[in-house]
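The structure under discussion appears below in the form of C-alpha cells.
The values are calculated or read from the model by the stated rules, or taken from the named source; none is laboratory data. Only a predicted model underlies this, so the values are computations on that prediction, with no experimental measurement involved. Backbone-built Cβ (ideal geometry, glycine too); neighbour counts: all protein chains shown. What goes into the accessible areas is simple: the full protein's heavy atoms, side chains included, and nothing from ligands, DNA or RNA. Shrake-Rupley method; radii C 1.70, N 1.55, O 1.52, S 1.80 Å.
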Amino acid sequence: MASDAPAAAPSQGEEGAAPRTSSGTRSEAPADQRRRARRSRRYRLDVKWSPYAFVAPFFVFFLAFGLFPLLYTGWASLHRVELTAPTDMEWVGLRNFSRLLEDEFFWNALRNTVTIGLISTVPQLLIALGIAHLLNYRLRGSMFFRVAALTPYATSVAAATLVFVLLFGRDYGMINWALGLVGFDKIDWQNGTWTSQLAVSTIVIWRWTGYNALIYLAAMQAIPNDLYESAALDGASRWQQFIHVTVPSLRHTILFTCVVSTIGATQLFGEPLLFNGSAGATGGADHQFQTLGLYLYEQGWVNLHLGRASAIAWSMFLILLLIGAVNWLLARHLSKSA
C-alpha cells in the first residue's frame, strides 16, 4: 500500500548539488565542466606554444643583429655608398667585388690572414693536445691547472695585446733582452714582415691554447678505458697509446677545433690592431700584418667607403662558407672511415 507521506525534501547540505547518475554517482555541474574545459585548453596551448616562447628571444636577436646586418651588408656591397651619407646609394652591381680582385692590398691582407692563421693555429692545437694529454692523467692540483689553462681565454684582448707589445719591444722588450743573453741582436718585431706576424700569432696562441686544451680534455675523458687497457695488455707504451688510441678517438674533435680556429683566424682583428697602435688599421708601415678584418675596418671607418667594406665582409663570409663546406666533406669522410 503506497504511503501518503510527502517525499522528504533535500537537506540543506544537498541543495544545489549535482544530480546523481543512474549508477548513483554525482555528475559534474556545468560550471565545473566549463572550468575544467578552460584548464584543459590552457594546458594544451601551454604545451604547444611554450617551447616557441622559450626560443623566441634567440630568433629575435638573431634577426635583429645577425640576419638583417648580413642581408643589408650584401645589399650595400652592390652600391657605392659612403659613411658620411649612408642613405645615398648608387647602384654599381658587382663593381666592388671586381675591384677587390684588382686590389693588391686586399690580396696582401688575404695572404697575411692565411699566414698568421697557419702560424697560430697549427702550434696552438698541437700544444693544446699535449696539455690535454697531461691533464688527462691524475695530477695533484689538476683543477688548478685546468683553471690556469682557461685564464688567458678570459683575459681581455686589449690587456693581453698591450702586455705582448711590451714583451716584443725593440729597445726594452723582455724577449729581445733574453735573446741578447744568448748572443742575438735586437729584433724589430713590429716593422718586420715575418717577425710581426710571428708576434701577432704568439698572442693568439697564448689566448686560445688553454681553451682548446679543455675541449680536448673533455673529449679524452669520454674515451673508454677499455681501449687503453687493451693497448697496455698488448704492450703499448703511453706514447703508443696516445698515437694509436687517443688521437684516432679525437678525430672529430680535432676537426672541430681546426674549423673554429680557422674561422677565428679569418676574423682576426683586435690583436693586429693593437699590436702597433701608431699604425692603426694599416697593419704596419708596409701593411705587413694587416688582416682582412683590419682591411675591412680601414675601408669602412677610415676611408669611409662602406660599399667596399661590405664587399670585403661578404668575401670573408664566402670564405667561411667554403671552410664550412670543407669541414662537412671531411666529417663525412671520417664518419665513413670510422
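Computed quantities for the displayed model
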| item | result |
| --- | --- |
| Test: residue in the range 210-217 that is of a type outside the set (G, A, S), modelled with pLDDT of 90 or more and under 30 Å from G192 (Cα atoms) | yes |
| Residue identified as open to solvent by 50 Å² or more (accessible area, probe 1.4 Å), free of Cβ contacts under 8 Å to residues at least 60 places away in the same chain and either out of contact with any Phe, Trp or Tyr (no Cβ under 9 Å at 6 or more places or on another chain) or assigned to a helix (DSSP H, G or I) (or both) among H252, H244 | H244 |
| Condition check for I205: on the phi < 0 side of the Ramachandran plot and part of a helix (DSSP H, G or I) | yes |
| Members of the range 116-139 that are open to solvent by less than 30 Å² (accessible area, probe 1.4 Å) and either farther than 30 Å from I223 by Cβ or at pLDDT 90 or above (or both) | I116, G117, S120, T121, Q124, L125, A128, L129, A132 |
| A325, sole failed condition from (1) closer than 24 Å to V92 by Cβ; (2) free of Cβ contacts under 8 Å to residues at least 12 places away in the same chain | (1) |
| Failed item, numbered, when I187 is tested on (1) more than 29 Å from the chain's Cα centre (by Cα); (2) in a helix (DSSP H, G or I) | (2) |
| Hits in the range 162-173 - residues which are assigned to a helix (DSSP H, G or I) and within 18 Å of W194 (Cα to Cα) | F164, V165, L167 |
| Residue check, E102 of a type in the set (D, E, K, R) and in contact with an Asp or Glu (Cβ under 9 Å, 6 or more places away or on another chain) | no |
| Residue under evaluation L273, criteria (1) in contact with a Phe, Trp or Tyr (Cβ under 8 Å, 6 or more places away or on another chain); (2) farther than 16 Å from A109 by Cα; (3) touching a residue at least 24 places away in the same chain (Cβ under 8 Å); (4) open to solvent by 20 Å² or more (accessible area, probe 1.4 Å), criterion not met | (2) |
| Residue in the range 190-199 that is in a loop (DSSP other than H, G, I, E, B) and open to solvent by less than 60 Å² (accessible area, probe 1.4 Å) present | yes |
| Residues that are of a type outside the set (S, T, Y) and surrounded by fewer than 16 Cβ atoms within 10 Å (Cβ to Cβ), drawn from the range 230-241 | A232, L233, D234, G235, R238, W239, Q240 |
| The range 255-279, residues that are within 19 Å of S156 (Cα to Cα), in a helix (DSSP H, G or I) and not charged (D, E, K, R) | S261, G264, A265, G270, P272, L273, L274, F275, G277 |
| Any pair with Cβ under 8 angstrom, 6 or more apart, that starts in the range 298-311 at a residue that is touching a residue at least 40 places away in the same chain (Cβ under 8 Å) and open to solvent by 20 Å² or more (accessible area, probe 1.4 Å) and ends at one that is part of a helix (DSSP H, G or I) and hydrophobic (A, V, I, L, M, F, W, C) | W301/A281; W301/A309; L306/A76; R308/L100 |
| Out of D103, D88, sole residue that is surrounded by fewer than 15 Cβ atoms within 10 Å (Cβ to Cβ), of a type in the set (D, E), more than 20 Å from L320 (Cα to Cα) and out of contact with any Phe, Trp or Tyr (no Cβ under 7 Å at 6 or more places or on another chain) | D88 |
| Matching entry among T155, T151 (being more than 16 Å from Y216 (Cβ to Cβ), surrounded by 12 or more Cβ atoms within 10 Å (Cβ to Cβ) and under 22 Å from the mean Cα position of the chain (by Cα)) | T155 |
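Table: residues versus (1) among the basic types (K, R); (2) free of Cβ contacts under 8 Å to residues at least 40 places away in the same chain.
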position	(1), (2)
S142	no, yes
T151	no, no
T161	no, no
N176	no, yes
K186	yes, yes
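Yes or no, residue by residue, for (1) in contact with a strand residue (DSSP E or B) (Cβ under 6 Å, 6 or more places away or on another chain); (2) farther than 25 Å from V247 by Cβ; (3) open to solvent by 20 Å² or more (accessible area, probe 1.4 Å):
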residue	(1), (2), (3)
F168	no, yes, no
D171	no, yes, yes
I203	no, yes, no
L217	no, no, no
Y228	no, no, yes
